[in-house]
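Engineer: Here it is: the structure, laid out below.
The values are calculated or read from the model by the stated rules, or taken from the named source; none is laboratory data. As the structure is a prediction and not an experimental result, all values here were calculated from the model. Methodologically, a virtual Cβ is constructed for each residue, glycine included, from the backbone with ideal geometry; neighbour enumeration extends over all protein chains shown. Surface areas here come from the heavy atoms of the whole protein model, side chains and all, with no ligands, DNA or RNA. Shrake-Rupley method; radii C 1.70, N 1.55, O 1.52, S 1.80 Å.
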Amino acid sequence: MDELWNMRGINLFNGLTGDEIEEVLQLAPPKSYRKGEYIFYAGDAADALFLLQLGTVKVSYVTLNGDEKILNVFRPGDIFGELFLGKYRHRVGEAQALDDVIVCRICEETFLSLTQRFPRIALNFIRHLADSQRETLARTHALMRADAKYRLSGILLSMARRYCCTDPEWFELPASLTQEDIANMAGLNRSTVSSLINDLRRDGVLGGTGRSLSVNRAAIEALLEEAGLEVLE
């Protein structure tokens, strides 16, 4: 069971034994959602966090004009929906399964009890919040750039850093994440992103064909640094 959580990304259970992890998961039984189903909606009561065991989930919100804005995308091993621990008690966005997913839900009372019983979970959670803040700053830094190429590159680098190993390896984006989703995250239109992806593939920064898309972390970092842009790490 503990192998499920020793994945890339955040590991809430780092430092716990296998028996302790099983004890924790007994309090957070898994629930399955099919592709397209919503895990929560904007306006729902916020009283739990979610551990993503399988699949890909996007969290977004819809503007007053009816436009969707993607806030983040999550992969196995990630935590999401944790902002309920602040003063706001309602969801500001909605979480949707991009493919078939399995999540474990931990309500506030259970989470607080677990942090008291296993202080290591509290420390891991604090580290998760600190890393999330850094990722948000890195994405904001990229989106402040006017040049579409570097805005897109910054968003892709942020995802590669989050899910790839620490070495400069190729990272393949989940197939359920469309070019339209990527364009949404970068604040660009679909046709611009499609053209830029083709250009970056020719330059060896991106790989894959068709809907398959992979990112060369070292190459994309070099591209941004060569343009004189600060690469936040």
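Engineer: To the nearest 10 square angstrom, how much accessible area does residue 71 have with a 1.4 angstrom probe?
Structural biologist: Ignoring ligands and nucleic acids, residue 71 comes out at about 70 Å².
Engineer: Per residue, how much accessible surface does the chain expose to a 1.4 Å probe? Answer in Å², no decimals.
Structural biologist: On the way: 12150 Å² over 233 residues.
For the chain, the per-residue accessible area is 52 Å².
Engineer: At 1.4 Å probe size, put 194, 153 in order of accessible surface, largest to smallest.
Structural biologist: Working: 194 35, 153 0 Å².
My answer, sorted largest first, is 194, 153.
Engineer: Something else about it: Once both axes come from the Cα atoms, what is the angle between helix 217-226 and the longest principal axis of the chain, in degrees from 0 to 90, rounded to 10?
Structural biologist: The two axes meet at around 50 degrees.
Engineer: With +1 on each Lys and Arg Cβ and -1 on each Asp and Glu Cβ, and nothing else charged, work out how big the dipole of the chain is about its Cα centre, in Debye to the nearest 20. Provide the component values of the computation, followed by the final result.
Structural biologist: Working: 26 positive and 33 negative charges, 104 e Å.
About 500 debye.
Engineer: Right, another one. Peptides 206-212, 99-105: what's the order by average Cβ count within 10 Å, highest mean first?
Structural biologist: On the way: 206-212: 12.6, 99-105: 19.3.
My ranking of the peptides, most packed first, is 99-105, 206-212.
Engineer: In debye to the nearest 20, how big a dipole does segment 66-106 give about its Cα centre with +1 on each Lys and Arg Cβ and -1 on each Asp and Glu Cβ?
Structural biologist: Working: 6 positive and 7 negative charges, 68 e Å.
Here segment 66-106 has a charge dipole of around 320 debye.
Engineer: Please report how far the C-alpha centroid of segment 158-219 lies from that of segment 40-86, rounded to the nearest whole angstrom.
Structural biologist: 22
Engineer: For segment 1-149, what's the relative contact order in percent, using C-alpha pairs closer than 8 Å and at least 6 residues apart?
Structural biologist: Numbers: 252 pairs, mean separation 46.6, N = 149.
For segment 1-149, the relative contact order is 31 percent.
Engineer: A further question on this structure: Heavy atoms of the protein only, probe of 1.4 Å, neighbouring chains included. What is the accessible area of residue 90 in Å², nearest 10?
Structural biologist: Near enough 120 Å² of accessible area.
Engineer: Okay, next question. Using a 1.4 Å probe over the heavy atoms of the protein chains, calculate the carbon and sulfur portion of the accessible area of the chain as a whole percent.
Structural biologist: Values: 6030 of 12150 Å².
Here carbon and sulfur together make up 50 percent of the probe-accessible area.
Engineer: If you don't mind, another one. Mind ordering 58-65, 19-26 by average Cβ neighbours within 10 Å, highest first?
Structural biologist: Values: 58-65: 13.1, 19-26: 15.1.
Averaged packing, sorted descending, gives the order 19-26, 58-65.
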